[in-house]
Amino acid sequence: MSAGVNVWVVGTPAAGKSTLARRLASALELRHVELDDAFWAAGWVPADTAEFLNAVAARTDEPGWVVDGQYGAAVQAYAARAHVVVWVDTPLRVGLPRLVRRTMARARRRQPLWSAGNVETWWHAIGPDSIIWYALRVHCEQRRANEELFRRLAPLGVRLIRVRHPDADALVRALHTADALEKEPTHE
């Protein structure tokens, strides 16, 4: 796989996007770009849209990246430049328990997140703005949005891969095949 390949990993909260993207980036020797890092400023304040778009553009200005996340404001900044889009379509029954465990563990450890150093608290786990409640609210909506995204990208020749249970090693093998980026987009 050439250093100029761009991979975009999308999915619902706790689908496994970041984990898969990190593994793909490492195996393919590409830069990993986590959109949460660009989006969240200190104190859990969302970045100004212009600042966020500039940060995304700076992180994806040169070819050779694996982006994870799909903030609407940034889609235009990198979607058209992706050669491969991997939709991690993990069932809610798998993602939700994973999200609860992850959020509780981060709150217990007070683990700083991203470059802003934000820390999830118990309130982030159970409060009205909790990532857990957010994940429940947006799951179906984001799945529909990803179906639409695949429909929009298919005519552009982007390699489309939809996985329910991501296997980074299998994806790397598929992407390393000589014609991986030349094939018609598929829903695998």
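The values are calculated or read from the model by the stated rules, or taken from the named source; none is laboratory data. Nothing here was measured: the structure is a model prediction, and the numbers come from that model. Note that we place each Cβ from the backbone using ideal geometry, even for glycine, and neighbour counts take in every protein chain shown. Surface areas here come from the heavy atoms of the whole protein model, side chains and all, with no ligands, DNA or RNA. Shrake-Rupley method; radii C 1.70, N 1.55, O 1.52, S 1.80 Å.
Annotations
- Among beta bridges from DSSP that stay inside the chain, the antiparallel ones total about 20%.
- Accessible surface comparison of 115, 130, 18, probe 1.4 Å, protein chains only, largest first: the order is 115, 18, 130.
- Normalised radius of gyration (Cα atoms, divided by 2.2 N^0.38 Å) for region 1-103: 1.07.
- The residues of the chain have, on average, 51 Å² of accessible surface per residue, using a 1.4 Å probe with all protein chains present.
- In sequence order, region 120-130 has phi-based couplings of 6, 10, 4, 5, 5, 7, 10, x, x, 9, 4 Hz under the Karplus curve 6.51 cos²θ - 1.76 cosθ + 1.60, θ = phi - 60°, and Gly or Pro positions carry x.
- The residues 120, 147, 62, sorted by heavy-atom accessible surface at 1.4 Å with ligands and nucleic acids left out, run 62, 147, 120 from largest to smallest.
- Translational diffusion of region 65-134, µm² s⁻¹ [Kirkwood Rh, Cα pairs; Stokes-Einstein; 25 °C; 0.890 mPa s]: 172
- Distance between the pseudo-spin-label points of residue 154 and residue 29 (7 Å out from Cα toward the beta carbon): 3.6 nm.
- Sorting the Cα pairs of the chain by distance into bins of 5 Å, from 0 upward, gives 1, 8, 16, 20, 21, 17, 10, 5, 2, 0 percent per bin.
- 3J(HN,Hα) couplings calculated from phi for region 79-86 with the Karplus curve 6.51 cos²θ - 1.76 cosθ + 1.60 (θ = phi - 60°) are, in sequence order, 4, 5, 9, 6, 8, 9, 10, 10 Hz; Gly and Pro show x.
- Amide H within-cut-off set for residue 71, under 5 Å, with H built and near neighbours excluded: none
- Relative contact order of region 32-188: 25 percent, from C-alpha pairs under 8 Å at least 6 residues apart in sequence.
- Stretchable slack from residue 62 to residue 170, in nm (0.36 nm times residue separation minus alpha-carbon distance): 36.3 nm
- Sites count as exposed loop sites when they are trypsin sites (Lys or Arg not before Pro), lie in a DSSP loop, and have at most 15 other Cβ atoms within 10 angstrom; the longest stretch of the chain without one is 1-109.
- The largest accessible area among 29, 34 belongs to the first residue in 29, 34, and the rest follow in falling order (1.4 Å probe, all chains).
- Between the alpha-carbon centres of region 132-146 and region 80-122 there is a gap of 14 Å.
- FRET efficiency estimate (nearest 0.05) - Cβ-Cβ, residue 108 to residue 147, R0 35 angstrom: 0.45
- Protein accessible area in region 36-188, 1.4 Å probe - carbon and sulfur %: 56
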